[in-house]
Amino acid sequence: MTKNRRAATTSRVVIEAVTPSVDSGRFPAKRLLGDCVVVEADVFADGHDAVAAQVRYRHEDSRSWRTVRMEPLANDRWEAQFTVDRIGRWHYTVEGWIDHYATWRAGILAKAKAGVVEEADLEIGATLLEAGADRANGTASELLEEAVRTVRDTSSETTDRVEAATDSEVAAAMRRFPDRERSTVHEVVFCLDVDRPLAGFSAWYELFPRSWGESGAHGTFADVAARLDYVADMGFDVLYLPPIHPIGTTHRKGPNNRLDAGPDDPGVPWAIGGPEGGHTAIHPELGDIEDFRKLRDRAADLGMEIALDIAFQCSPDHPWVKEHPEWFRHRPDGTIQYAENPPKKYEDIYPLDFETEDSEGLWSALKGVFDHWIAEGVKVFRVDNPHTKAFPFWEWVIGELKAEHPDLIFLSEAFTRPKVMYRLAKLGFTQSYTYFAWRNTAWELREYLTELTQEEPAEFFRPNFWPNTPDILTEYLQTGGRPAFVIRLLLAATLSSNYGIYGPAFELMEATPRQPGSEEYMDSEKYQIRHWELERPDSLAPIIGRVNRIRREHSALQSNRGLVFHHVDNEQLLCYSKRSGDDIVLVVVNLDPRYVQSGWTSLDLEALGMEPDQQFQVHDLLVDRRYLWHGAHNFVQLDPHVMPGHVFAVRRRVRTEHDFDYYL
C-alpha cells in the first residue's frame with residue numbers, strides 16, 4: 001500500500017467550507033493590522049468518535065506555524081480566532097483529527113455513572129494516557145505519567161482510577177498534546193493580505209496643482225505646499241494628485257475637450273510624456289524633484305500622505321513611442337493606434353499593447369515607474385483605468401511590489417462591470433472606486449451596501465466612496481443644489497470607512513455640466529487651469545471638516561463590518577448604524593435635496609445594544625444637539641436646506657449607586 005493511500009485510509013476527518021476563502025483559496029482575503037481573524041470550517045468524521053481541530057497560521061516570513069484550537073459551534077461547524085500582528089501576507093489552513101482520548105473519556109464517564117466499568121476499559125485509557133505522556137513535556141508529562149500509574153493500580157477503587165484518568169487537568173494536558181498522527185490537513189493553504197490601517201480608514205482629497213497658483217497663473221508644488229493647511233484643516237489624510245508628468249503637445253486638447261488647442265492651453269495631464277521625459281519625470285511648470293520632496297514632507301508634517309496617479313498610457317511625444325514602438329498597437333498603415341471609446345476619440349493618448357511580443361520589457365518598465373516613486377517616499381497610488389490593462393500584469397506587479405514594500409496602497413479606478421472590478425480587487429488592489437456616485441435611492445443604497453459589506457465581496461473588496469471626480473458630475477449634484485452636496489458627503493463619509501472628494505470643485509459646489517445630459521464639468525480642470533476662491537463664505541469646507549473630525553473620533557465609522565440598516569416608514573429617509581464595541585453611531589439622512597421629509601424609525605435595538613423599552617440619548621454630532629429616544633419607534637424630520645442628516649452618537653442610560661443618571 002502506498003503512503004498516500006495509507007494516509008487516505010487512516011485520515012478519517014473531513015474538512016470543508018473553510019472561511020474566509022476567496023474563490024476556494026485562489027486569492028487572498030483582506031484584513032488590517034491588528035484584526036482578529038475568525039476562521040470557520042466544517043469538520044467531521046464517520047461514526048461517533050470525538051473530533052478535534054485547529055487552525056495553523058503564520059506570516060509568510062516565518063517558517064514555523066502557530067496554532068489555535070478550534071471550538072465547535074453547531075452542526076459540525078468549528079471556529080477559531082487569531083490576531084494578525086504584522087502587515088504582509090499570511091497563510092492559514094485547518095487541521096482535524098480523531099480525539100481518541102476525548103472519545104474514551106466520554107464513554108468511561110457514562111459507564112462509571114452506570115456502574116459497568118471493566119478492567120479492559122481502564123487499560124485502554126491507560127494506554128492513551130501513556131502515549132500522551134510520551135508526546136507531552138515538563139509538568140504535563142509528569143501529570144499524565146502519574147495518572148497512568150493510578151489507573152493501572154488495581155488495588156485502588158475503580159472510582160478513584162476513573163477520576164484520575166478523567167480529571168480536568170489531565171484532560172487539559174491531553175488536549176494540549178493530542179495524537180495527530182492520522183490527522184487531516186486541508187489541502188488548500190489559504191492566504192490573507194494584511195494592510196496598514198490607512199488601507200481601511202482614509203479620507204482622500206484630490207486637487208490639480210496647476211490650479212493652485214495665484215490669480216490663475218500655472219500653479220506649482222510650492223503653491224500647493226503653501227496652502228496645504230486648507231486641506232489639512234478639513235481633516236483629510238491622503239492628498240491625491242493627478243499625473244504630475246510632462247504633457248504631450250501632439251493633438252493636445254483645448255478647453256472643454258476642444259480639438260483646436262491654443263499655444264497656451266496646458267493640455268490633459270493624462271496625456272503623459274514629452275521631450276522632458278515620461279512617467280518618472282515631472283512637468284517643468286510644477287517644479288522639480290526637490291519641490292516635490294518639499295511638498296511630500298510638508299504633507300507628512302500635516303498628517304497626510306501623497307497619492308500619485310499611475311496612468312499607464314502615453315502621449316505621442318512620450319520617449320517610449322520612439323524607443324519602444326513595439327509596446328504599442330499599430331494600424332494597417334503603420335501608425336500607432338490612439339485611444340478610442342467609440343464614438344469618442346482620444347488622439348492625444350496612445351494605449352500600451354499588453355499583447356506585445358516584448359511583454360517582459362514592458363512589464364519591467366512599468367514596474368520601474370512604481371519603483372521610482374516608491375524611492376521618492378510615495379506609498380499610495382491611485383491607478384487609472386486598470387481594467388484596460390492585462391489582469392496577469394496587475395497580479396504580478398502588485399505581488400512583486402508588496403513583497404518588497406508591504407505598506408503600499410493601491411486604489412483601483414475601474415468604473416466598469418462588477419466582475420471586472422471584483423477581479424482587480426482579488427488580484428491585489430487595496431481599495432476600489434465603486435458605483436456609489438449613481439446610487440441615490442434608499443433601496444439602491446441598502447442593496448449595494450449589503451453586497452459590499454455583508455456578502456462575499458466584503459472579504460476582498462474595500463470600497464472607496466467618491467461623490468464626484470473630475471470625470472463624474474452626477475445629475476443628482478447638477479440639480480440638487482447645496483443640500484445634494486451635503487447629502488452625498490454624509491453618505492460617503494459614514495457609509496464607507498474610505499471616501500474621497502475631488503476638490504475644490506466639491507466644497508465649492510461646482511455643478512454645471514458641459515452640456516445637458518453630460519457628466520463632464522463645464523470648463524473642466526482636465527483641460528484648463530482654474531482659479532478657485534477657497535475662502536468663499538458658502539464653502540462646504542467647515543462641514544467637511546466637522547464630518548472628518550467625527551470620523552476620527554468614532555471608531556464605529558472606521559470600519560464597514562458593523563453596518564446595519566434600520567427601517568423607516570418613509571423611503572426618502574435612510575437610517576443605518578455602525579458599532580464598534582461601546583461606540584455606536586446612528587445616521588439618518590434625507591435623500592431628497594428639495595423638500596422636508598419626516599418619518600418614524602423602527603430600530604433594530606439589539607444591533608444598538610439596547611433593551612426593548614430602554615431610554616437612550618442620541619447626540620447629533622453635526623449640530624451638537626441631544627435628544628432622548630425611547631424604544632424602536634422615534635420620530636425624525638429633516639429639512640435639507642438646514643441640515644439634511646443626523647449623525648448621532650448613541651449613549652446608553654446608566655444609573656450610579658447614588659441614583660444619579662448619566663449617558664455613556
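The values are calculated or read from the model by the stated rules, or taken from the named source; none is laboratory data. Because the structure is predicted, anything quoted here is derived from the model rather than measured. Backbone-built Cβ (ideal geometry, glycine too); neighbour counts: all protein chains shown. Calculation scope for accessible area: heavy atoms of the full protein, side chains included, ligands and nucleic acids excluded. Shrake-Rupley method; radii C 1.70, N 1.55, O 1.52, S 1.80 Å.
Counting only Cα, what are the radius of gyration and maximum Cα-Cα distance Dmax of the stretch 267-324, in Å?
Using the Cα atoms of the stretch 267-324, the pair Rg, Dmax is 13.4, 42 Å.
To make sure I understand the rule: partners must be lysines, Cα under 21 Å from the Cα of Lys253, and not fewer than 8 residues away in the same chain. Which ones qualify?
Partners within reach: Lys344, Lys345, Lys526.
Per residue of the stretch 75-81, what does 6.51 cos²θ - 1.76 cosθ + 1.60 with θ = phi - 60° give for ³J(HN,Hα)? Whole Hz please, x for Gly and Pro, Karplus curve as stated.
Using θ = phi - 60°, the values come out as 6, 6, 9, 10, 9, 8, 9 Hz.
Return the Rg/Rh value of the stretch 198-319, two decimal places, where both radii are evaluated on C-alpha atoms and Rh is the Kirkwood radius. Show your work: numbers first, answer last.
On the way: Rg = 14.9 Å, Rh = 15.1 Å.
Rounded to two decimals, Rg over Rh is 0.99.
Report the per residue volume, in Å³, of the convex hull enclosing the C-alpha atoms of the stretch 502-636.
Convex hull of Cα atoms, per residue: 154 Å³.
Separation of the stretch 364-393 and the stretch 27-97 by C-alpha centroid, Å?
If we compute the Cα centre of each part, the gap is 33 Å.
Can you give me the C-alpha center-to-center distance between the stretch 459-511 and the stretch 208-269, rounded to a whole angstrom?
Centre-to-centre distance over Cα atoms comes out at 21 Å.
Is the C-alpha gyration tensor of the stretch 241-395 telling us rounded, prolate or oblate? Criteria: a/c under 1.5 is rounded; beyond that, a/b larger than b/c is prolate, otherwise oblate.
Here the stretch 241-395 falls in the oblate category.
Taking a probe of 1.4 Å, how large is the accessible area per residue of the chain, in Å²?
44
Give me D for the stretch 1-154 in µm² s⁻¹, whole number, from Stokes-Einstein with Rh from the Kirkwood sum over alpha-carbon pairs, 20 °C and 1.002 mPa s.
Stokes-Einstein gives a translational diffusion coefficient of 117 µm²/s.
Using only the alpha-carbon atoms, what does the stretch 156-263 span along each of its principal axes? Please give whole angstrom values in decreasing order.
That gives 104, 36, 20 Å along the principal axes, largest extent first.
Mind listing the phi-derived Karplus ³J(HN,Hα) values for the stretch 168-174, rounded to whole Hz, using 6.51, -1.76 and 1.60 with θ = phi - 60°, and x for any glycine or proline?
4, 5, 5, 4, 5, 5, 5
Going by the alpha-carbon gyration tensor, a ≥ b ≥ c the square roots of its eigenvalues, is the stretch 361-446 rounded (a/c under 1.5) or, if a/c is not under 1.5, prolate (a/b greater than b/c) versus oblate?
Taking the square roots of the gyration eigenvalues as a ≥ b ≥ c, the stretch 361-446 is prolate.
Farthest toward the dipole's positive end in the chain, which of Val642, Tyr230, Phe393, given Cβ charges of +1 (Lys, Arg) and -1 (Asp, Glu) about the Cα centre?
Of Val642, Tyr230, Phe393, it is Val642.
Hey, got the Cα dimensions of the stretch 144-201 along the principal axes, in Å, largest first?
67, 28, 16
Longest segment of the chain with no GluC sites (Glu not before Pro) in a DSSP loop having at most 11 other Cβ atoms within 10 Å?
Values: sites that count: Glu118, Glu157, Glu181, Glu187, Glu355, Glu357, Glu455, Glu533, Glu535, Glu606, Glu657.
Here the longest run is 188-354.
For the stretch 75-209, what is the Kirkwood hydrodynamic radius in Å, using each pair of distinct C-alpha atoms?
Values: mean 1/r = 0.0543 Å⁻¹.
About 18.4 Å for the stretch 75-209.
If you consider only alpha-carbon coordinates, what radius of gyration and Dmax does the stretch 495-581 have, in Å?
When restricted to the Cα atoms of the stretch 495-581, Rg and Dmax are 17.3, 49 Å.
Just the ratio, please: alpha-carbon radius of gyration of the chain over 2.2 N^0.38 Å, N its number of residues.
1.19
Taking only DSSP H segments of four or more residues, each worth -39500 (n - 2.57), what value at 222 nm results for the chain once the sum is divided by all its residues, to the nearest 500 deg cm²/dmol?
-9000 deg cm²/dmol
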